[in-house]
Amino acid sequence: MPDKHEHALRALEFDDVVAQIAAKTTCEPGKRAILAMRPLATREQADEEQTLVEDAIAFVQAGGDIALGGVSDISELIARAEKGATISGIELRAIAEAERALRSVAANVAPERSSRPADALARPRGAFKALLARRQDTRDLVRKIDDAIEPEGRVADAASPELARIRRQQRVLHDEIRDRCAAITRNASTAKMLSEPVVTVRAGRYVVPVRKEFAGEFPGVVHDESSSGSTVYVEPLASVEANNRLRALESAEEREIARILAQLTSFVASKREELRINAALLARLDAVGAVARWGTAHAALRPALNERAMLRIVGGRHPLLTRTATPLDVEVGIDFDALVISGPNMGGKSVALKTMGLFCLLAYSGVPVPAQPGTEIGWFDRIACVLGDEQSIAQNLSSFSAHLEALRGALEGASKDSLVLVDEIGSGTEPVAGAALAQAFIEALLAVGARIVVTTHYTQLKVFAAATERVANASMLFDAGTNAPTYILALGVPGQSLAFPLARALRLPAPMIARAEALLGEEGRRLESAFEGLAAERAELRKRQFELEALRAQTGRLEKQLVDQAAAFERERKQFENRAAVVLDDAVRQVRAELMERAAQSGESRRRQRVGSAPGADLDKTLEDMRKSLGLQHAAPDDPAARQLRQGDRVHVRSFGAPGVVSELYDRDALVTMGSVRVVVPRSELSADLSANVVPERSSGARTSTARPQGVEASDAANLTEIDVRGMRVDEAMPIVDKALDSASLAGADQLRIIHGKGTGQLGKGIREFLRDHAQVAGLTQAGDREGGSGVTIVTLR
């Protein structure tokens with residue numbers, strides 16, 4: 001952290017905000033990282049940090065979790081392992097817990113396997129995702145520790161076969177020794193010597209409590225004595241040898257445990273680089289998560305970091321204020337380089353000043369600021385602050401002397417990249433002299449190109465700001481009716497002292513107030529009157545601005561309502577059209593069925609049946625009735641050529657890719673004869689252009705004709721219609737087969753011959769499955785061997 005900001009950090013209470021953020025951490029490493037946070041050295045670094053935090057905030061707000069469960073710092077343990085010092089079981093568990101917590105966060109961000117759908121997961125954005133990608137894989141180490149060390153830090157039996165063997169033998173010996181000692185307590189000759197019939201442990205050996213007067217008679221080794229001296233604890237001779245073996249096993253157990261811990265410590269040392277990276281990442285993640293949670297709690301956003309030495313705050317709120325305050329709008333370094341804020345005490349001038357400086361320091365540290373969009377923080381190389389009481393008893397300086405020392409420190413080293421903040425500039429001395437010094441100070445800083453914000457009560461400075469280029473006045477507004485502060489900063493308007501109105505409000509004697517006004521002088525009264533008028537104009541302008549904003553908001557709402565209504569109408573129109581299309585399709589199918597039924601009932605041969613004017617008139621009438629019932633308007637076809645069609649015209653049917661002759665004309669449709677096939681098609685499908693009438697032959701060698709639909713060929717026999725779909729996929733052939741069925745039925749044909757070829761058999765199988773339950777199909781047969789065999793399906797029509 002550059003030393004140039006050190007004084008500003010203290011003066012602007014930066015560490016108090018950092019403490020707020022530290023309270024949002026979830027582990028000690030993250031807390032230490034936050035408490036060490038300071039402004040970054042370059043704008044690029046600060047911008048990268050802001051991007052990272054912005055991504056983390058988006059992740060948290062989408063339901064992501066960056067909590068690390070109170071894990072401890074393992075950096076010291078890694079260093080000890082590297083030096084060869086054995087790590088205890090509890091310390092090894094701490095390492096495993098830290099690695100597990102880090103892996104858990106990574107799994108929460110990008111789960112390896114999840115039952116939740118992908119869109120239900122909080123997905124990290126670029127910078128945050130890149131940070132998580134630094135995590136090193138230490139699963140083998142964690143697995144070894146988990147297998148060898150129990151949660152409370154004890155080395156598990158399964159840590160090695162030798163340790164398991166030793167502990168099995170220990171359990172057997174424990175049971176044997178307890179049984180021997182218990183037998184002594186039950187033996188009549190020895191039980192009378194005991195103070196009580198129990199078995200206990202002293203110095204790691206099983207003993208029984210013997211009354212002192214029998215100590216010499218009881219066979220065994222004395223290991224301890226009661227506090228009263230009436231009981232001695234004796235190890236029976238019968239269990240001495242077993243106890244010795246048990247102690248030997250305990251020594252062997254300790255040696256094996258030491259070997260296992262040393263082995264695990266060595267493995268930790270071999271993973272030191274991965275563990276160091278993960279330990280640093282863990283602290284970093286927790287710190288970033290804390291900033292994200294703090295930013296969310298304070299409705300903070302990422303400010304735009306500008307290369308220029310400027311500052312614009314929109315709707316800023318100081319994060320240390322406990323009361324509700326009016327958001328701050330202020331700027332400097334854009335239209336002016338120096339800002340003079342005036343107005344009565346307790347109006348919020350100092351808070352505005354501190355907010356400006358604090359926002360810079362937070363932004364430089366990668367912390368979002370509690371403000372609204374449009375907030376821009378310029379990159380100031382140095383922030384100098386002269387705030388509060390600078391009196392120094394140790395240096396025997398008065399308040400004014402200390403103030404001058406602080407001003408000198410702010411002036412020294414100031415440049416075009418400096419931001420200087422001074423509260424109550426020139427205070428502590430005679431007003432005229434203080435105002436003159438304050439003006440000279442501002443002029444000196446302007447000469448080197450610095451940006452300056454000062455607060456003052458001096459009228460001379462207000463006049464100076466109003467008359468000087470690149471200097472602006474501002475004031476904290478007060479309610480004229482109650483003389484209460486509004487905490488609204490008004491740019492361009494000098495503040496009023498409100499001394500006389502406040503004196504009247506506090507009921508000071510009227511003659512005394514009149515005398516004070518007389519002593520103020522005509523010039524002073526004119527200035528106060530001018531300031532009052534400016535304040536009134538500003539208040540009126542602000543009122544009108546609020547009214548315009550309210551009107552604009554209302555207009556926006558009405559506009560949105562209209563857009564929503566128009567969208568709703570459009571949706572209804574489309575739904576209506578869809579419903580109408582369904583009804584019309586049903587009507588056409590019904591008419592077709594009726595025509596087929598009439599054709600079947602007539603005495604003439606179905607193969608010579610033609611759809612005449614009566615059925616066409618029926619179809620035309622039905623379509624017309626349906627349109628009337630749906631409230632649809634008559635609409636002529638869009639194609640001019642189609643609108644001018646007449647009965648007998650030669651046309652090209654685009655949907656069939658074949659020529660034909662118009663037999664009947666309906667409202668929007670036409671009955672067209674194509675060879676021996678007659679079909680009803682929309683007029684929009686017809687074109688008078690005959691240049692496209694010829695259909696190129698298939699490469700398969702199938703016969704083609706200019707008087708049939710594409711893929712359709714009329715047989716020389718009037719009762720047989722044939723289509724060739726060889727080389728097509730099943731989904732390509734189905735529409736052609738379906739349309740050919742309609743055409744053959746309308747033409748009065750008995751059969752439809754479908755040439756699909758043998759090939760793999762899939763095309764023929766798909767066609768037969770499609771036709772099996774078709775309403776127009778009475779039966780299916782395979783052609784004879786001379787007529788194509790399994791490569792041809794013959795359809796008998798209903």
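The values are calculated or read from the model by the stated rules, or taken from the named source; none is laboratory data. All values reported here derive from a predicted model rather than from experimental measurement. Cβ: placed from backbone, ideal geometry, glycine included. Neighbour counts: every protein chain shown. Ligands, DNA and RNA are stripped out before the accessible areas are found, and what is left, the full protein with its side chains, is counted by its heavy atoms. Shrake-Rupley method; radii C 1.70, N 1.55, O 1.52, S 1.80 Å.
The table that follows gives values for the structure above.
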| quantity | calculated |
| --- | --- |
| Members of the stretch 30-54 found to be outside any helix (DSSP H, G or I) and over 14 Å from A287 (Cβ atoms), listed by number | P39, A41, T42 |
| Which listed residue, of E532, E528, E537, is open to solvent by less than 60 Å² (accessible area, probe 1.4 Å), among the acidic types (D, E), modelled with pLDDT under 65 and within 30 Å of F336 (Cα to Cα) | E528 |
| Residue within the stretch 208-224 that is touching a Pro at 6+ places or on another chain (Cβ under 8 Å), at pLDDT 85 or above and either under 30 Å from R93 (Cα atoms) or aliphatic (A, V, I, L, M) (or both) present | yes |
| Flag for A371 being touching a Pro at 6+ places or on another chain (Cβ under 6 Å), surrounded by 24 or more Cβ atoms within 10 Å (Cβ to Cβ), modelled with pLDDT of 95 or more and farther than 30 Å from Q136 by Cα | no |
| Pair list, Cβ under 7 Å, 6 or more apart: the stretch 251-272 residue over 19 Å from Q170 (Cα atoms), other residue open to solvent by 50 Å² or more (accessible area, probe 1.4 Å) | L261/T86; A262/T86; L264/K144; T265/T86; F267/K144; A269/E82; R272/E82 |
| Residue among E405, E424 that alone is acidic (D, E) and assigned to a loop (DSSP other than H, G, I, E, B) | E424 |
| Test result for R276, in contact with a Ser or Thr (Cβ under 8 Å, 6 or more places away or on another chain) and not hydrophobic (A, V, I, L, M, F, W, C) | yes |
| Total residues in the stretch 412-441, condition open to solvent by 60 Å² or more (accessible area, probe 1.4 Å) and either farther than 22 Å from K462 by Cβ or modelled with pLDDT under 90 (or both) | 7 |
| In the stretch 760-798, the residues that are assigned to a helix (DSSP H, G or I), over 17 Å from P735 (Cα atoms) and touching a Lys or Arg at 6+ places or on another chain (Cβ under 9 Å) | E787, G789, S790, G791 |
| Enumeration of residues in the stretch 182-196 that are closer than 18 Å to K212 by Cα and in contact with a Pro (Cβ under 9 Å, 6 or more places away or on another chain) | I184, T185, T190, A191, L194, S195, E196 |
| Long-range neighbours under 8 Å by Cβ, at least six apart or interchain, first residue acidic (D, E) within the stretch 92-106, second part of a helix (DSSP H, G or I) and open to solvent by 10 Å² or more (accessible area, probe 1.4 Å) | E99/V142 |
| Any hit, the stretch 118-135, residues being over 20 Å from the mean Cα position of the chain (by Cα), closer than 30 Å to I260 by Cβ, open to solvent by 20 Å² or more (accessible area, probe 1.4 Å) and at pLDDT 90 or above | yes |
| Check on P197, surrounded by 12 or more Cβ atoms within 10 Å (Cβ to Cβ) and either of a type outside the set (G, A, S) or at pLDDT 85 or above (or both) | yes |
| Selected residue [of a type in the set (D, E, K, R), crowded, with 19+ Cβ neighbours inside 10 Å and not in a loop (DSSP other than H, G, I, E, B)] from E235, E273 | E235 |
| Qualifying positions in the stretch 4-18 - surrounded by fewer than 21 Cβ atoms within 10 Å (Cβ to Cβ) and assigned to a loop (DSSP other than H, G, I, E, B) | E13 |
| Filter result for the condition that a residue is of a type in the set (A, V, I, L, M, F, W, C), outside any helix (DSSP H, G or I) and either touching a Gly at 6+ places or on another chain (Cβ under 7 Å) or under 13 Å from L362 (Cβ atoms) (or both), over I66, I21, I57 | I66 |
| Filter result (farther than 21 Å from R247 by Cα and either open to solvent by less than 50 Å² (accessible area, probe 1.4 Å) or of a type in the set (D, E, K, R) (or both)) within the stretch 160-194 | A183, I184, T185, R186, T190, A191, K192, M193, L194 |
| Residue in the stretch 177-187 that is closer than 19 Å to S230 by Cβ and touching a helix residue (DSSP H, G or I) at 6+ places or on another chain (Cβ under 9 Å) present | yes |
| Qualifying position, being hydrophobic (A, V, I, L, M, F, W, C), within 19 Å of V679 (Cβ to Cβ) and either crowded, with 18+ Cβ neighbours inside 10 Å or touching a residue at least 60 places away in the same chain (Cβ under 8 Å) (or both), among A749, A775 | A749 |
| Any hit, the stretch 239-257, residues being at negative phi, modelled with pLDDT of 90 or more and in contact with a Lys or Arg (Cβ under 8 Å, 6 or more places away or on another chain) | yes |
| Residue within the stretch 327-344 that is over 30 Å from F441 (Cα atoms), open to solvent by 10 Å² or more (accessible area, probe 1.4 Å) and charged (D, E, K, R) present | no |
| Among (1) in a helix (DSSP H, G or I); (2) open to solvent by less than 10 Å² (accessible area, probe 1.4 Å); (3) of a type in the set (G, A, S), the one test that G366 misses | (1) |
| The stretch 326-342 residues that are under 17 Å from W379 (Cα atoms), paired with ones that are of a type in the set (K, R) and part of a loop (DSSP other than H, G, I, E, B) (beta carbon under 8 Å, 6 or more apart) | G333/R308; F336/R470; D337/R470; A338/R470 |
| Qualifying position, being closer than 24 Å to E162 by Cα and hydroxyl-bearing (S, T, Y), among S226, S230, S189, S251 | S251 |
| When residues of the stretch 442-463 are limited to those that are part of a helix (DSSP H, G or I) and either under 50 Å from the mean Cα position of the chain (by Cα) or at pLDDT 95 or above (or both), the one nearest to V493 (Cα to Cα) | K462 |
| Helices (runs of 4 or more DSSP H) fully within the stretch 121-232 counting 2 or more residues that are within 18 Å of E250 (Cα to Cα), touching a residue at least 60 places away in the same chain (Cβ under 8 Å) and touching an Asp or Glu at 6+ places or on another chain (Cβ under 8 Å) | 161-186 |
| Yes/no for V60 being within 28 Å of D137 (Cα to Cα) and within 20 Å of the chain's Cα centre (by Cα) | yes |
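Quick grid of which residues meet (1) at pLDDT below 95; (2) in a loop (DSSP other than H, G, I, E, B); (3) touching a strand residue (DSSP E or B) at 6+ places or on another chain (Cβ under 9 Å); (4) within 29 Å of T459 (Cβ to Cβ):
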{"site": "R308", "(1), (2), (3), (4)": "yes, yes, yes, no"}
{"site": "H318", "(1), (2), (3), (4)": "yes, yes, yes, yes"}
{"site": "L321", "(1), (2), (3), (4)": "yes, yes, no, no"}
{"site": "T326", "(1), (2), (3), (4)": "yes, yes, yes, yes"}
{"site": "D329", "(1), (2), (3), (4)": "yes, no, yes, yes"}
{"site": "P344", "(1), (2), (3), (4)": "yes, yes, yes, yes"}
